[in-house]
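Chemist: Take this structure first; my questions come after.
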Amino acid sequence: MEALMVSLNAVIPFVFYLAVGYGARRLKLCTNELLQGMNKLVFKAFFPLSLFWNMYTMDPSIEIDIPLLLAEGASLIALIVLLMLTVPWCVKENPRRGVVVQAIYRSNCVLFALPMAEVVMGEPGKIYATMMLAVIVPILNVSAVLVLESFHGEGLTDPKKLIINILTNPLIDGIAVGALFFALGIHLPRFIETPVKNMGSMATPLALFILGGTLEFSQVGKNLKCLTVAMGIKLLVIPLVVTVITTLAGLSDVVRFTFFIIYATPVATSSYVMAQNMGGDGELAGQFVVFSTVASALTLFIWVYAYAALGFV
């Protein structure tokens with residue numbers, strides 16, 4: 001029941017931000033033009049600051065488990081490659097292909113995986129999840145650029161353009177600068193740290209507010225099949241496969257659960273912002289964020305209950 005409450009405590013604020021945005025748009029408190037402008041601001045300023053802060057404030061005292069991190073990174077890359085090869089067979093439109101690939105592999109790890117790992121597995125779970133995020137977050141964001149660029153315009157047929165787009169992507173720049181500051185031990189003065197932290201913390205609430213304001217439920221019907229299949233794979237099939245593999249590999253309970261929770265969380269909010277700004281189907285990306293966030297309150301509870309019943313936690 002405690003795990004369910006953690007999941008609900010993470011989900012309900014998301015739903016609240018979405019509802020406020022949806023209500024503000026319907027009450028004409030903001031225009032579509034304003035929302036689109038705010039969307040660009042979040043993509044180019046607030047999310048980069050958030051990612052910079054995550055890298056800048058990493059705990060240097062954590063003992064790094066290199067084999068575990070390599071295994072997690074390799075498993076994520078393998079999943080992305082598999083999706084890049086299979087999704088185009090099922091989804092015909094390029095703007096939708098990149099969005100579907102992202103929706104299946106890209107999780108909201110920071111807001112869901114960390115608290116769930118700590119509540120269910122205690123301090124060891126928190127430590128393992130924190131270590132994994134140091135590897136997962138850069139892979140998630142770099143791969144997201146690659147995925148969206150590969151199905152947009154000239155895509156991967158123009159390597160020079162692709163490299164330029166990656167290097168100039170605001171999210172990648174935020175991670176790179178944060179990692180550089182962390183590696184070199186560069187410390188910002190407090191009067192700079194405070195606004196950077198506060199502006200970075202605005203990224204997710206603002207993105208969800210904008211998403212709620214631009215969401216059109218009348219358009220859900222045409223995407224219902226795609227939403228149902230992709231979210232079934234993400235929230236049910238992949239967590240099951242990960243559980244089976246980690247069990248057969250003989251991993252400890254805490255490592256097994258940490259692997260599982262990285263994949264079982266809902267679609268990352270930033271995937272909507274990136275899709276909107278990089279030629280993807282923003283409407284579909286937004287619907288993935290909304291429905292996976294709400295559905296995860298139930299699926300995460302079911303999974304934690306199953307893990308407890310099997311004696312894994």
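Chemist: Would you confirm whether or not region 270-285 contains a residue that is modelled with pLDDT of 90 or more, in contact with a Gly (Cβ under 6 Å, 6 or more places away or on another chain) and either among the β-branched types (Val, Ile, Thr) or closer than 17 Å to Val101 by Cβ (or both)?
Modeler: No, every residue in region 270-285 fails to be modelled with pLDDT of 90 or more, in contact with a Gly (Cβ under 6 Å, 6 or more places away or on another chain) and either among the β-branched types (Val, Ile, Thr) or closer than 17 Å to Val101 by Cβ (or both).
Chemist: Can you name every residue in region 68-109 that is open to solvent by 20 Å² or more (accessible area, probe 1.4 Å), assigned to a helix (DSSP H, G or I) and more than 14 Å from Ile136 (Cα to Cα)?
Modeler: Val81, Leu82, Met84, Leu85, Thr86, Pro88, Trp89, Cys90, Asn94, Pro95, Arg96, Arg97
Residue-wise test of (1) open to solvent by less than 10 Å² (accessible area, probe 1.4 Å); (2) at pLDDT 85 or above.
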{"site": "Met116", "(1), (2)": "yes, no"}
{"site": "Val145", "(1), (2)": "yes, no"}
{"site": "Glu154", "(1), (2)": "no, no"}
{"site": "Pro159", "(1), (2)": "no, no"}
{"site": "Ile166", "(1), (2)": "no, no"}
{"site": "Ala203", "(1), (2)": "yes, yes"}
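Chemist: In addition: Need the failing condition index for Val244 against (1) over 26 Å from Gln36 (Cβ atoms); (2) touching a helix residue (DSSP H, G or I) at 6+ places or on another chain (Cβ under 7 Å), just the number.
Modeler: (2)
Chemist: Scanning for something touching a strand residue (DSSP E or B) at 6+ places or on another chain (Cβ under 9 Å), of a type outside the set (S, T, N, Q) and in contact (Cβ under 8 Å) with a residue 12 or more places away in the chain, does region 120-136 turn up at least one residue? Working first, answer last.
Modeler: From region 120-136, those touching a strand residue (DSSP E or B) at 6+ places or on another chain (Cβ under 9 Å) are 136; that's our starting set.
Next cut, of a type outside the set (S, T, N, Q) only: 136.
Restricting the remaining residues to those that are in contact (Cβ under 8 Å) with a residue 12 or more places away in the chain gives 136.
Scanning region 120-136 turns up at least one residue that is touching a strand residue (DSSP E or B) at 6+ places or on another chain (Cβ under 9 Å), of a type outside the set (S, T, N, Q) and in contact (Cβ under 8 Å) with a residue 12 or more places away in the chain.
Chemist: Residues being among the hydrophobic types (A, V, I, L, M, F, W, C) and exposed (fewer than 14 other Cβ atoms within 10 Å of the Cβ): count how many of those fall in region 168-187. Give the steps one after another, and end with the answer.
Modeler: So the first thing to find is which residues in region 168-187 are among the hydrophobic types (A, V, I, L, M, F, W, C), and the list is 171-172, 175-177, 179-184, 186.
Okay, now just the ones that are also exposed (fewer than 14 other Cβ atoms within 10 Å of the Cβ), so 180, 183-184, 186.
The qualifying residues number 4.
Chemist: Now for a different question. Restricting to region 173-198, give me the number of residues that are under 16 Å from Ile139 (Cα atoms) and not small (Gly, Ala, Ser).
Modeler: Going residue by residue through region 173-198, those that are under 16 Å from Ile139 (Cα atoms) are 173-179.
Narrowing the set further to residues that are not small (Gly, Ala, Ser) leaves 173, 175, 177.
Total meeting the criteria: 3.
Chemist: Here's something else I'd like to know. Taking into account only those residues within region 281-307 that are within 16 Å of the chain's Cα centre (by Cα) and either open to solvent by 20 Å² or more (accessible area, probe 1.4 Å) or of a type in the set (Val, Ile, Thr) (or both), which is farthest from Val244 (Cα to Cα)?
Modeler: Val290
Chemist: Next question, about the same structure. Among the residues of region 242-260, are any in a loop (DSSP other than H, G, I, E, B) and under 17 Å from the mean Cα position of the chain (by Cα)?
Modeler: No, that holds for no residue.
The values are calculated or read from the model by the stated rules, or taken from the named source; none is laboratory data. Here the structure is a predicted model, which is why all the values come from computation and not from measurement. Reconstructed Cβ throughout: ideal geometry from the backbone, glycine too, with neighbour counts over all protein chains shown. With ligands, DNA and RNA removed, areas are computed over all heavy atoms of the protein, side chains included. Shrake-Rupley method; radii C 1.70, N 1.55, O 1.52, S 1.80 Å.
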